[in-house]
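Enquirer: Got a structure here, written out as structure tokens. Questions coming.
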Amino acid sequence: MKQGRAVLSIVSTLIVIVAGLALWFIWVYNGLVSSEKAVEEASAQVQTVLQRRLDLIPNLVETVKGYAQHEREVLVAVTKARERAQGVLADISKKKSLGKKELVALMASQGEITSALKNLFSLVENYPDLKASQNFLALQDQLEGTENRIAVARQRYNYAVRRYNTKISTFPGNIIAPMFGFAEKPYFEAKEEAQKPIEVKF
Amino acid sequence: MGKYVFVALVFLSIFLTFFFAIGWKDNVPMHRPIFSSSRFIYDYAHLVSPEGKARLEKFLEHLWRDYDIELIAITTPSLGNYTISEWANMIFENWHVGKNTRGEKGILFVVAPYEKKVRLEIGRGLEGVFTDAFVGYIEREQMKPFFEEARVGVGVEATLELIVSRIEKFIKEGRYNPTEGRKQEGGFASSGAGAQKNVDIGSVHRQKKDVVTEDLKEYFSAQPTPQLTLERYLEACSRHIKDPNLGIYTEETKEFFRNWTVTNAQMDNMRMYEGVPFKLMIEGDYAVIFYPDKDWTYSPFFLKKGPAGWQLDFATMSKVIRFNQNNYWFFVSFDHPYMFAFRKYMIDENGFVWFKYRKR
């Protein structure tokens, strides 16, 4: 009787420990999953606002064309850069998470647009009627607003990535992460130059 | 006894720790102040007079009650090392602007006089109503001219008027419902919507108003009928003609407009009167054009007959007509020669004329 009781208590202690370990394991795993999901949501938001920026460009090109038909070269450059960026964005939106390679391509294509737009806006200086038109002013507000949304979404993406990366590289995440293939995620580090919002002085 | 004093001291020190633990940055708290005399206006840069502040508080209280919009206005002596967009977004999230609404319907108005920047940031629940283009437009065409003349309180109020008329329009069209709204996913109050402008407060002594050419002077002279004069005025508005010396204005009105800040946005707003059926009443040298079939956002026009023809009497209108928080007009004085037109209508104790309901 006495012996049986001792065995029982050892077994039950073991069960409690194993159950505790399992619960802890699940808790850590869920933590990793939810922070990975936060990264995915943030990256979806980045893609949404980048698409928003691309959607504004045809309208802008049309408006500028109405006043400055002769500036073909600059307008074509903007349209081309937009097409390329649209291609990159379409490829990426098929994937669930952003890898280093995708992010580099994304940043490069967006940087191209930024510099093409910069040329466009410096050209606008020569057309006072265009610069003062309500349509152009509205487009400029929309574009600036979108640049700001991109900055905010990018910052939130990086924050989510930082939390996730910290989780998988520190205890206890670093034990569980390799078992389920949680890998480090890249940051969206735009070049200072490329991310500066376009500012047109009046 | 000593024990109680000790316990009291412990509690006091805990309380004080929390009280002073609120982070401050450049004299602006990083979290919504717990104890504050105001709910909506935080004038850390001291730009608004106490009377102006009280008026704005009342206005914003109504904005919150009637339209479920929580608008917080902050003037700050410094943005630190941040851009105004970064600063506004940080404050927006930390203060959780819009948390007292049915779904992230917050607006943050930031004025940074020393950096010469102004920004209106729009919460996620209002992005559909106040688009970036609209916000940019009211900043540029309404707020900026007032701010440049150092009339910050008045400029904020004038900007709020356009916000109200926008929301009223959306409600009428069924595109906004103050009693609806859902909490947004993701836990953020703002995704960075809105617009910012460079504004140098106090850089303009008095608004420059371009003088019109001789041809236009002739065109905008006093007209043989009140309707024609109003028509010319609406045309002047749509063409953004700000010259105060047009013949369609009475002498007192000319003087009034010389000292008045006229903005493109106000003039664009007059578009609502174009083609709207009105009622005209004339008695002697006085005429009133009013809109009994419309709501109170359509205020009446007073006209006076001079030797050259009918002229608009904005000087009297500005003295006796006021607008409330919903942009509804009412009389603050009945002591003027234009009251004859309203004799047969009931006027309530707040000065509202009841066209539709009870006729005497």
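Enquirer: B:Asn198: within 14 Å of chain A (Cβ to nearest Cβ) and more than 24 Å from B:Cys237 (Cβ to Cβ), yes or no?
Expert: Answer is yes for this residue.
Enquirer: Evaluate the stretch B:49-70: report whether one residue or more is in contact (Cβ under 8 Å) with a residue 12 or more places away in the chain, in a helix (DSSP H, G or I), under 30 Å from A:Phe136 (Cβ atoms) and away from chain A (no Cβ under 14 Å).
Expert: No - not one qualifying residue is present in the stretch B:49-70.
Enquirer: Does the stretch A:111-152 hold any residues that are over 26 Å from B:Glu93 (Cβ atoms), without any contact (Cβ under 8 Å) to a residue 24 or more places away in the chain and within 14 Å of another protein chain (Cβ to nearest Cβ), and which are they?
Expert: A:Ala132, A:Gln134, A:Leu137, A:Ala138
Enquirer: Can you tell me which residues in the stretch A:36-55 are in contact (Cβ under 8 Å) with a residue 24 or more places away in the chain, surrounded by fewer than 18 Cβ atoms within 10 Å (Cβ to Cβ) and within 13 Å of another protein chain (Cβ to nearest Cβ)?
Expert: A:Glu40, A:Glu41, A:Thr48, A:Arg52
Enquirer: Condition (residue is assigned to a loop (DSSP other than H, G, I, E, B), away from chain A (no Cβ under 14 Å) and either more than 22 Å from A:Leu137 (Cα to Cα) or at pLDDT 95 or above (or both)) applied to the stretch B:116-124: is it met by at least one residue?
Expert: Scanning the stretch B:116-124 turns up no residue that is assigned to a loop (DSSP other than H, G, I, E, B), away from chain A (no Cβ under 14 Å) and either more than 22 Å from A:Leu137 (Cα to Cα) or at pLDDT 95 or above (or both).
Enquirer: Considering the stretch B:247-264 alone, what residues qualify as being over 18 Å from B:Leu234 (Cβ atoms) and either in contact with a strand residue (DSSP E or B) (Cβ under 7 Å, 6 or more places away or on another chain) or of a type in the set (Val, Ile, Thr) (or both)?
Expert: B:Thr261
Enquirer: Let me ask something else. Quick one: in the stretch B:24-48, which of the residues that are modelled with pLDDT under 90 and assigned to a strand (DSSP E or B) is surrounded by the most Cβ atoms within 10 Å (Cβ to Cβ)?
Expert: B:Val28
Enquirer: Moving on to the next point. Restricting to the stretch A:67-82, give me the number of residues that are assigned to a helix (DSSP H, G or I) and in contact (Cβ under 8 Å) with a residue 40 or more places away in the chain.
Expert: So the count comes out to 5.
Enquirer: Of the numbered conditions (1) in contact with an Asp or Glu (Cβ under 9 Å, 6 or more places away or on another chain); (2) under 17 Å from B:Asp66 (Cα atoms), B:Asp200 fails exactly one; give the number of that condition.
Expert: Here B:Asp200 meets the rest and fails (2).
Enquirer: May I pose another question? Among the residues of the stretch A:3-39, how many are farther than 30 Å from A:Gln155 by Cα and of a type in the set (D, E, K, R)?
Expert: 1
Enquirer: Then there's this: Quick one: what pairs do we get from the stretch A:83-107, first residue of a type outside the set (Val, Ile, Thr) and surrounded by fewer than 18 Cβ atoms within 10 Å (Cβ to Cβ), second in a loop (DSSP other than H, G, I, E, B) and at pLDDT 85 or above, C-beta under 7 Å, 6+ apart or different chains?
Expert: The qualifying pairs are A:Ser97/A:Lys185; A:Gly99/A:Pro186; A:Lys100/A:Pro186.
Enquirer: Could you list, ordered by first residue, the pairs with Cβ atoms under 9 Å in which the first is in the stretch B:102-115 and farther than 15 Å from B:Met90 by Cα and the second is of a type in the set (Asp, Glu) and in a strand (DSSP E or B), at least 6 apart or interchain?
Expert: B:Lys105/B:Glu70
Enquirer: Could you go through the stretch B:75-85 and let me know if any residue there is within 17 Å of B:Thr159 (Cα to Cα), assigned to a strand (DSSP E or B) and either within 14 Å of another protein chain (Cβ to nearest Cβ) or more than 21 Å from the chain's Cα centre (by Cα) (or both). Quick ask: steps written out before the conclusion?
Expert: Narrowing the stretch B:75-85 to residues within 17 Å of B:Thr159 (Cα to Cα): B:75.
Next cut, assigned to a strand (DSSP E or B) only: B:75.
Narrowing the set further to residues that are either within 14 Å of another protein chain (Cβ to nearest Cβ) or more than 21 Å from the chain's Cα centre (by Cα) (or both) leaves none.
Among the residues of the stretch B:75-85, not one is within 17 Å of B:Thr159 (Cα to Cα), assigned to a strand (DSSP E or B) and either within 14 Å of another protein chain (Cβ to nearest Cβ) or more than 21 Å from the chain's Cα centre (by Cα) (or both), which makes the answer no.
Enquirer: Any chance you could count how many residues in the stretch B:76-124 are out of contact with any helix residue (DSSP H, G or I) (no Cβ under 9 Å at 6 or more places or on another chain) and of a type in the set (Phe, Trp, Tyr)?
Expert: 4
Enquirer: Let me ask you something else. Within the stretch B:306-320, is even one residue closer than 20 Å to B:Phe352 by Cα and among the polar types (S, T, N, Q)?
Expert: Yes, that holds for at least one residue.
Enquirer: Yes or no: the stretch B:175-185 includes at least one residue that is part of a loop (DSSP other than H, G, I, E, B) and within 14 Å of chain A (Cβ to nearest Cβ).
Expert: Step one: filter the stretch B:175-185 for residues part of a loop (DSSP other than H, G, I, E, B), giving B:175-184.
Narrowing further to those that are within 14 Å of chain A (Cβ to nearest Cβ): B:184.
Taking every residue of the stretch B:175-185 in turn, at least one turns out to be part of a loop (DSSP other than H, G, I, E, B) and within 14 Å of chain A (Cβ to nearest Cβ).
Enquirer: Still on this model: Within the stretch A:153-174, work out how many residues are away from chain B (no Cβ under 14 Å) and either touching a helix residue (DSSP H, G or I) at 6+ places or on another chain (Cβ under 7 Å) or in a helix (DSSP H, G or I) (or both).
Expert: To start, the set of residues in the stretch A:153-174 that are away from chain B (no Cβ under 14 Å) comprises A:161-162, A:164-174.
Narrowing the set further to residues that are either touching a helix residue (DSSP H, G or I) at 6+ places or on another chain (Cβ under 7 Å) or in a helix (DSSP H, G or I) (or both) leaves A:161-162, A:164-169, A:172-174.
Counting residues in the stretch A:153-174 that are away from chain B (no Cβ under 14 Å) and either touching a helix residue (DSSP H, G or I) at 6+ places or on another chain (Cβ under 7 Å) or in a helix (DSSP H, G or I) (or both) gives 11.
Enquirer: What number of residues within the stretch B:221-248 satisfy the criterion of being aliphatic (A, V, I, L, M), under 22 Å from B:Arg206 (Cβ atoms) and under 26 Å from the mean Cα position of the chain (by Cα)?
Expert: 2
Enquirer: How many of the residues in the stretch A:75-124 are small (Gly, Ala, Ser) and farther than 25 Å from A:Tyr157 by Cα? Show your work before the answer.
Expert: As a first pass, look at the stretch A:75-124 and keep what is small (Gly, Ala, Ser): A:77, A:81, A:85, A:87, A:90, A:93, A:97, A:99, A:105, A:108-109, A:111, A:115-116, A:122.
Right, trim to farther than 25 Å from A:Tyr157 by Cα and you get A:77, A:116, A:122.
Total satisfying the criteria: 3.
Enquirer: Taking B:Val135, is it among the β-branched types (Val, Ile, Thr), part of a helix (DSSP H, G or I), touching a residue at least 12 places away in the same chain (Cβ under 8 Å) and within 11 Å of chain A (Cβ to nearest Cβ)? Break it down stepwise before answering.
Expert: Working: among the β-branched types (Val, Ile, Thr): yes; part of a helix (DSSP H, G or I): yes; touching a residue at least 12 places away in the same chain (Cβ under 8 Å): yes; within 11 Å of chain A (Cβ to nearest Cβ): yes.
It is true that B:Val135 is among the β-branched types (Val, Ile, Thr), part of a helix (DSSP H, G or I), touching a residue at least 12 places away in the same chain (Cβ under 8 Å) and within 11 Å of chain A (Cβ to nearest Cβ).
Enquirer: Residues to consider are A:Gln3, A:Gln45; find the one that is in a helix (DSSP H, G or I), under 26 Å from B:Ala133 (Cβ atoms) and not acidic (Asp, Glu). Walk me through it before giving the result.
Expert: Numbers: A:Gln3 fails: under 26 Å from B:Ala133 (Cβ atoms).
So the residue among A:Gln3, A:Gln45 that is in a helix (DSSP H, G or I), under 26 Å from B:Ala133 (Cβ atoms) and not acidic (Asp, Glu) is A:Gln45.
Enquirer: Follow-up question, since we're still on this one. Being acidic (Asp, Glu) and either in contact with a Ser or Thr (Cβ under 7 Å, 6 or more places away or on another chain) or within 18 Å of B:Tyr345 (Cβ to Cβ) (or both) is the requirement here; does B:Asp268 meet it? Talk me through it step by step, then tell me what you get.
Expert: Values: acidic (Asp, Glu): yes; either in contact with a Ser or Thr (Cβ under 7 Å, 6 or more places away or on another chain) or within 18 Å of B:Tyr345 (Cβ to Cβ) (or both): no.
Considered against the rule, which asks whether it is acidic (Asp, Glu) and either in contact with a Ser or Thr (Cβ under 7 Å, 6 or more places away or on another chain) or within 18 Å of B:Tyr345 (Cβ to Cβ) (or both), B:Asp268 comes out as no.
Enquirer: Now a separate question. Name the residues in the stretch B:147-166 that are crowded, with 23+ Cβ neighbours inside 10 Å and over 8 Å from the mean Cα position of the chain (by Cα), would you?
Expert: Correct list: B:Phe147, B:Val152.
The values are calculated or read from the model by the stated rules, or taken from the named source; none is laboratory data. Since we're looking at a predicted model, the values are computed, not measured. Cβ atoms come from the backbone with ideal geometry, glycine included; neighbour counts cover every protein chain shown.
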